[in-house]
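A short worksheet on the structure shown next.
The values are calculated or read from the model by the stated rules, or taken from the named source; none is laboratory data. Bear in mind the structure is a predicted one, so any value in this text is a computation, not a measurement. Glycine also receives a Cβ, built like all others from the backbone with ideal geometry; neighbour counts cover every protein chain displayed. Keep in mind that these areas ignore ligands, DNA and RNA; they rest on the heavy atoms of the full protein, side chains included. Shrake-Rupley method; radii C 1.70, N 1.55, O 1.52, S 1.80 Å.
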Amino acid sequence: MVLVTAVGAVAKKESASPTPSQDVKQKPLSLVRVNVTGQPYDYFRPWQKKPPVSKRALGAVLSKGRVLVTADLVTNQNYVELERAESGEKTAASVQVIDYEANLALLEPSEKNFLDGITPLEIATDTVVGDRLAAWQLEQTGALVATEGLVTTIQMTRYPADVGQFLTYRISIPMQYRENSYTIPLVKKNKLAGLLLRYDPRSQLIDAIPAPIITHFLKEAESDHYRGFTAVGFSFFPTRDPQLRKYAGQTGKPGGVYVTNVEPNMPATKAGMQVGDIVTAIGNHDIDENGNYVDSLYGKIEFTNLLSAHTYAGDVVPFQIQRGGKAMELKITLEHRNANDYVSPPYALDEPPKYLVLGGLIFQELSRQYLKEWGPNWQREAPQRFVYVDRYQSELFPGEHRRIVILSQTLPANTTIGYDELAYLTVTKANGKEIKSLQDLAEAVKQPLDGGFIKIEIEEDPKQIELNMSEVTAEMPSLQENYGIQSLQRLE
């Protein structure tokens, strides 16, 4: 989430000419301050955490004594505190439900009556292009300030976790920085229309998590076991090209999307979808050659909105397809795809990274969380072979339940002389055994080869590494002391 830095830049640039805003008097306020102390895990030094960071935000008060914020705000949190804006009264809070994919979280105060007297916000699900929404912020005095903006676009975009696409409002708004600007409610006629997702200070455009995604999250949160948003498991391409439609044998009215990949063990595969199928309709909604359907509120919008915003895990949805010119119907039972079901998990938050230190060599499992250590431009700046594997993992490892074990770095030590520059390498075998997880590697190196050596084979040059196990064992205490490593492994 880049909001704090980005909005802060606006404050510096616009201090001489403040953004027009309007003081709003409302008693009691339907929002509370949220103060969070968090401590992210350090994927470059996986045995430790990064320094603590503090975040301040505004949470939307909902019914049943709950407070809605973004998941980014409370990820890797050590302590969460709610603060009433009008009185400054505070209480601890806990995360009741969190969804990293939709970037939403529900908080619950430890004192059950803490939110008494605050009118909960209702949800406004009827926002359309051309509507005006107000961004609610607080002055230090607790006074509510509303800055209005215009909804310019409603479209499908990727959220920070980068798993699928979700509905997004884009709003043109001249918003100033305030200290509690990490999460900001967006309101339509005193009803919650969305939450701030990201803000571009140069163009003064907000992307917001819209009410339909929020209502989906809240409905699912009512269940005993939160299941998240659904996944179908196929990739597609528009059928604008008449040659593609001819190649696929499509008959009748042009339209639909061409299926380019179907992931094993996913709902689409289980229902019988195949590469080369053309999906022409989902439920009662026809899909055009651009991949759009006509929504009653938004007009033409990408069909993925039908699946993310309008379906739940366990729903059976009819897909109309053409296969070789013949019309067929597939009934697909939708599921949520857990982050652990990926070869390179898209997110691994609120849990420590796995690692294994072996004679100064640091081994880890590839994940997008690791790649994001290179910053917001990680797709260009992280090791490109790892970015490639992360992006095309479903095609490279179809149906496999495995992890990619990497040699992430080498610590200078007696046992790594000659290996000190080795980093960002892919482990394939250890002592002749194929490696599909960090646990596999830990087990394989327990039994040295004849002569007491460990042989680790890697995909890239120098192709293999040899370590003397007795020397590795002897150096363990000094390695831990020199680099402050409390434990030489974390496998669970």
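Quick one: in the stretch 176-191, which of the residues that are crowded, with 24+ Cβ neighbours inside 10 Å and not polar (S, T, N, Q) is modelled with the lowest pLDDT?
Narrowing the stretch 176-191 to residues crowded, with 24+ Cβ neighbours inside 10 Å: 181, 183-186.
Restricting the remaining residues to those that are not polar (S, T, N, Q) gives 184-186.
Values: Ile184: 93, Pro185: 96, Leu186: 97.
Among them, the one singled out is Ile184.
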Quiz item: So, in the stretch 267-281, of the ones that are without any contact (Cβ under 8 Å) to a residue 60 or more places away in the chain and outside any loop (DSSP other than H, G, I, E, B), which residue ends up most open to solvent (accessible area, probe 1.4 Å)?
Solution: Thr269
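Can you find even one residue in the stretch 323-341 that is under 22 Å from the mean Cα position of the chain (by Cα) and under 21 Å from Leu441 (Cα atoms)? Talk me through it step by step, then tell me what you get.
Here is the first cut: in the stretch 323-341, the ones under 22 Å from the mean Cα position of the chain (by Cα) are 334-341.
Filter once more, so that each one left must be under 21 Å from Leu441 (Cα atoms): 340-341.
Yes, the conditions are met somewhere in the stretch 323-341.
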Quiz item: With Ile485, Ile465 as the choices, which residue is part of a strand (DSSP E or B), aliphatic (A, V, I, L, M) and buried (at least 16 other Cβ atoms within 10 Å of the Cβ)?
Solution: Ile465
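Scan the stretch 416-436 for residues that are of a type in the set (A, V, I, L, M, F, W, C), closer than 21 Å to Lys354 by Cβ and either outside any strand (DSSP E or B) or touching a helix residue (DSSP H, G or I) at 6+ places or on another chain (Cβ under 6 Å) (or both) and jot them down. Step through it out loud before you land on a result.
Looking only at the stretch 416-436, we keep the residues that are of a type in the set (A, V, I, L, M, F, W, C), and these are 417, 422-423, 425, 427, 430, 435.
When the remaining residues are screened for being closer than 21 Å to Lys354 by Cβ, the result is 422-423, 425, 427, 430, 435.
Those that are of a type in the set (A, V, I, L, M, F, W, C), closer than 21 Å to Lys354 by Cβ and either outside any strand (DSSP E or B) or touching a helix residue (DSSP H, G or I) at 6+ places or on another chain (Cβ under 6 Å) (or both): Leu422, Ala423, Ala430, Ile435.
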Quiz item: Taking the condition aromatic (Phe, Trp, Tyr) and over 19 Å from Tyr100 (Cβ atoms), does Tyr182 pass?
Solution: no
Quiz item: When Gly194 is evaluated against the numbered criteria (1) part of a loop (DSSP other than H, G, I, E, B); (2) open to solvent by less than 10 Å² (accessible area, probe 1.4 Å); (3) in contact with a helix residue (DSSP H, G or I) (Cβ under 7 Å, 6 or more places away or on another chain), which criterion, by number, is the only one it fails?
Solution: (1)
Quiz prompt | One residue from Glu81, Glu139, Glu101, Glu122 being surrounded by fewer than 20 Cβ atoms within 10 Å (Cβ to Cβ), closer than 25 Å to Glu351 by Cβ and not hydrophobic (A, V, I, L, M, F, W, C) | solution = Glu81
Quiz item: Looking only at residues in the stretch 382-427 that are in contact with a Lys or Arg (Cβ under 8 Å, 6 or more places away or on another chain) and hydroxyl-bearing (Ser, Thr, Tyr), which one is most open to solvent (accessible area, probe 1.4 Å)?
Solution: Tyr424
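I need the full set of residues from the stretch 214-232 which are open to solvent by less than 10 Å² (accessible area, probe 1.4 Å) and either in a loop (DSSP other than H, G, I, E, B) or without any contact (Cβ under 8 Å) to a residue 12 or more places away in the chain (or both), in order please. Show your work before the answer.
To start, the set of residues in the stretch 214-232 that are open to solvent by less than 10 Å² (accessible area, probe 1.4 Å) comprises 214, 216-217, 220, 228-229.
Residues satisfying the conditions are Gly228, Phe229.
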Practice problem: Kindly check whether there is at least one residue in the stretch 31-45 that is modelled with pLDDT under 95, in a loop (DSSP other than H, G, I, E, B) and either open to solvent by 50 Å² or more (accessible area, probe 1.4 Å) or within 20 Å of Val187 (Cβ to Cβ) (or both). | Solution: no
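Of everything in the stretch 282-294, what is surrounded by 19 or more Cβ atoms within 10 Å (Cβ to Cβ) and not in a loop (DSSP other than H, G, I, E, B)? Give them in sequence order. Spell out how you get there, then give the answer.
Step one: list which residues in the stretch 282-294 are surrounded by 19 or more Cβ atoms within 10 Å (Cβ to Cβ), which gives 282, 287-289, 291-293.
Across the stretch 282-294, the qualifying residues are Ile282, Asn292, Tyr293.
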Exercise. Find all pairs meeting these conditions: Cβ atoms under 6 angstrom apart; at least six residues apart or on different chains; first residue within the stretch 418-446 and more than 11 Å from Phe363 (Cα to Cα) and of a type in the set (D, E, K, R); second residue assigned to a strand (DSSP E or B) and open to solvent by 40 Å² or more (accessible area, probe 1.4 Å).
Key: Lys429/Glu457
Self-check item: Residues (closer than 23 Å to Ile214 by Cβ and hydroxyl-bearing (Ser, Thr, Tyr)) located in the stretch 49-88
Solution: Ser63, Thr70, Thr75
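From the residues in the stretch 310-343 that are acidic (Asp, Glu) and in a strand (DSSP E or B), which one is least open to solvent (accessible area, probe 1.4 Å)? Write out each step before concluding.
Going through the stretch 310-343, the residues acidic (Asp, Glu) turn out to be 315, 329, 335, 341.
Of the ones still in play, those that are also in a strand (DSSP E or B) are 329, 335.
Values: Glu329: 93, Glu335: 63 Å².
By that ranking, first place goes to Glu335.
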Exercise. Could you pull out the residue among Ile301, Ile321 that is at pLDDT 95 or above and under 23 Å from Ala102 (Cβ atoms)?
Key: Ile301
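Does Glu329 fit the bill of being in contact with a Ser or Thr (Cβ under 7 Å, 6 or more places away or on another chain), over 19 Å from Ser408 (Cβ atoms), among the acidic types (Asp, Glu) and modelled with pLDDT of 95 or more?
Numbers: in contact with a Ser or Thr (Cβ under 7 Å, 6 or more places away or on another chain): no; over 19 Å from Ser408 (Cβ atoms): yes; among the acidic types (Asp, Glu): yes; modelled with pLDDT of 95 or more: yes.
The answer is no for Glu329.
Only one of Pro264, Pro254, Pro242 is over 18 Å from Phe303 (Cβ atoms), open to solvent by 10 Å² or more (accessible area, probe 1.4 Å) and free of Cβ contacts under 8 Å to residues at least 40 places away in the same chain. Can you tell me which?
Details: Pro264 fails: free of Cβ contacts under 8 Å to residues at least 40 places away in the same chain; Pro254 fails: over 18 Å from Phe303 (Cβ atoms).
Every option except Pro242 fails the conditions.
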